[in-house]
Amino acid sequence: MKASIISPAPSRSDPRRGEGVWLWFAAPGVALFCAFWLLPMVRLVGVGASGPSGAMAYLAILTNRHYFASLVSTLSLSAAVTVVTLAISVAVGLFLQRNRFFGHSMLLAMLTFPLAFPGVVVGFMVIMLAGRQGLIGRFTDWLVGEPLVFAYALPGLFLGYLYFSIPRVILTVTAAAGKLDGSLEEAARSLGARPWQVLLHVILPALTPALISSGAICFATSVGAFGTAFTLGANIDVLPMTIYNEFTGYANFATAASLSLVLGAITWVVLALARSLAGNSVAAAA
């Protein structure tokens with residue numbers, strides 16, 4: 001008589017029982033990813049290559065003088081905004097973290113208040129400050145007899161980008177500064193290091209991961225920002241405005257799609273590189 005082979009029933013701790021459950025939980029996320037990112041991106045790639053030049057449209061940003069100048073202006077402006085934002089945010093963030101005074105919470109709230117403003121409102125505020133009837137124009141007109149107006153060009157856009165970039169970085173720097181090891185600074189001072197040497201050789205290296213991450217986000221946000229540029233003027237030569245003009249003004253959908261993909265690719269590369277560098281910095285610090 002042959003012995004019957006009975007497979008053991010799966011135990012409650014069998015991980016295979018949970019695989020099906022997790023797949024059901026992942027299904028909505030996968031569906032949203034396909035519907036709102038994957039399919040539109042595939043469609044955008046097809047539209048970008050549907051013009052007379054085909055797939056060569058993706059190289060137009062390098063071969064076309066206007067598109068290339070727009071790219072250079074966008075990257076240069078975003079880099080300048082990132083550098084100035086990091087410099088200001090480090091100084092303000094360290095000060096707020098290491099000093100407690102009456103109105104500290106209110107000051108921090110006011111510094112981060114611009115996060116609530118959309119790009120259009122930021123652009124309008126730049127106009128009120130540096131536009132034809134702005135405060136700076138009225139003051140310089142009273143002072144030297146000629147109003148200073150720069151709201152409708154790259155300097156005005158730089159001011160607007162700086163306005164909504166600083167609050168994001170200040171929050172990150174303040175949080176990172178609160179986790180610094182004060183004993184390292186005390187050791188450096190006991191060895192005769194001056195304040196600027198402590199800042200340069202102790203504080204900034206410890207803040208490097210936070211600065212890389214927040215700087216990358218600042219750069220990516222500035223590269224793709226549209227509302228502020230649109231409010232200040234359609235003649236500002238940055239890539240988001242170029243894409244908008246190609247799409248609405250000339251109905252050049254293929255060029256607009258190809259430029260959009262190039263802009264997205266540049267932003268993705270910057271964020272991926274920053275993630276890699278910040279991770280390496282964290283590992284090295286550990």
Requested in this report: Provide a single number: the residues in the stretch 50-84 that are within 21 Å of the chain's Cα centre (by Cα) and free of Cβ contacts under 8 Å to residues at least 60 places away in the same chain.
Outcome: 3
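A quick yes/no check of all residues on (1) farther than 30 Å from ALA176 by Cβ; (2) more than 22 Å from the chain's Cα centre (by Cα); (3) not hydrophobic (A, V, I, L, M, F, W, C):
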site: ALA87; (1), (2), (3): no, no, no
site: MET106; (1), (2), (3): no, yes, no
site: PRO114; (1), (2), (3): no, no, yes
site: LEU129; (1), (2), (3): yes, yes, no
site: TRP142; (1), (2), (3): yes, yes, no
Query raised in the report: Which of the residues spanning the stretch 109-120 are in contact (Cβ under 8 Å) with a residue 40 or more places away in the chain, aliphatic (A, V, I, L, M) and closer than 18 Å to ILE88 by Cβ?
Result: LEU111, LEU115
Query raised in the report: Here is a list of conditions, (1) under 18 Å from THR74 (Cα atoms); (2) buried (at least 21 other Cβ atoms within 10 Å of the Cβ), and LEU162 meets all of them except one; can you say which number that is?
Result: (2)
Report summary line: Of (1) over 18 Å from the mean Cα position of the chain (by Cα); (2) open to solvent by 30 Å² or more (accessible area, probe 1.4 Å), PRO118 satisfies every one except (1)
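With the structure loaded, tell me whether ARG43 is open to solvent by 40 Å² or more (accessible area, probe 1.4 Å), part of a helix (DSSP H, G or I), free of Cβ contacts under 8 Å to residues at least 40 places away in the same chain and among the basic types (Lys, Arg) or whether it fails that test.
Against the criterion (open to solvent by 40 Å² or more (accessible area, probe 1.4 Å), part of a helix (DSSP H, G or I), free of Cβ contacts under 8 Å to residues at least 40 places away in the same chain and among the basic types (Lys, Arg)), ARG43 qualifies.
Condition check: under 30 Å from GLY249 (Cβ atoms) and either modelled with pLDDT of 90 or more or not hydroxyl-bearing (Ser, Thr, Tyr) (or both). Does VAL120 satisfy that? Show your work before the answer.
Working: under 30 Å from GLY249 (Cβ atoms): yes; either modelled with pLDDT of 90 or more or not hydroxyl-bearing (Ser, Thr, Tyr) (or both): yes.
Taking the combined requirement at face value, the residue satisfies it.
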Query raised in the report: When you look at THR63, is it of a type in the set (Ser, Thr, Tyr), at pLDDT below 90 and more than 25 Å from LEU261 (Cα to Cα), yes or no?
Result: no
Query raised in the report: Does the stretch 208-230 include one or more residues that are at pLDDT below 90 and farther than 30 Å from ALA109 by Cβ?
Result: no
Requested in this report: State the number of residues belonging to the stretch 121-130 that are open to solvent by 30 Å² or more (accessible area, probe 1.4 Å) and without any contact (Cβ under 8 Å) to a residue 60 or more places away in the chain.
Outcome: 4
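The values are calculated or read from the model by the stated rules, or taken from the named source; none is laboratory data. These figures come from a predicted structure and were not determined experimentally. Counting neighbours? That spans all protein chains shown, and the Cβs are built from the backbone with ideal geometry, glycine included. Note: areas computed on protein heavy atoms with side chains; ligands, DNA, RNA excluded. Shrake-Rupley method; radii C 1.70, N 1.55, O 1.52, S 1.80 Å.
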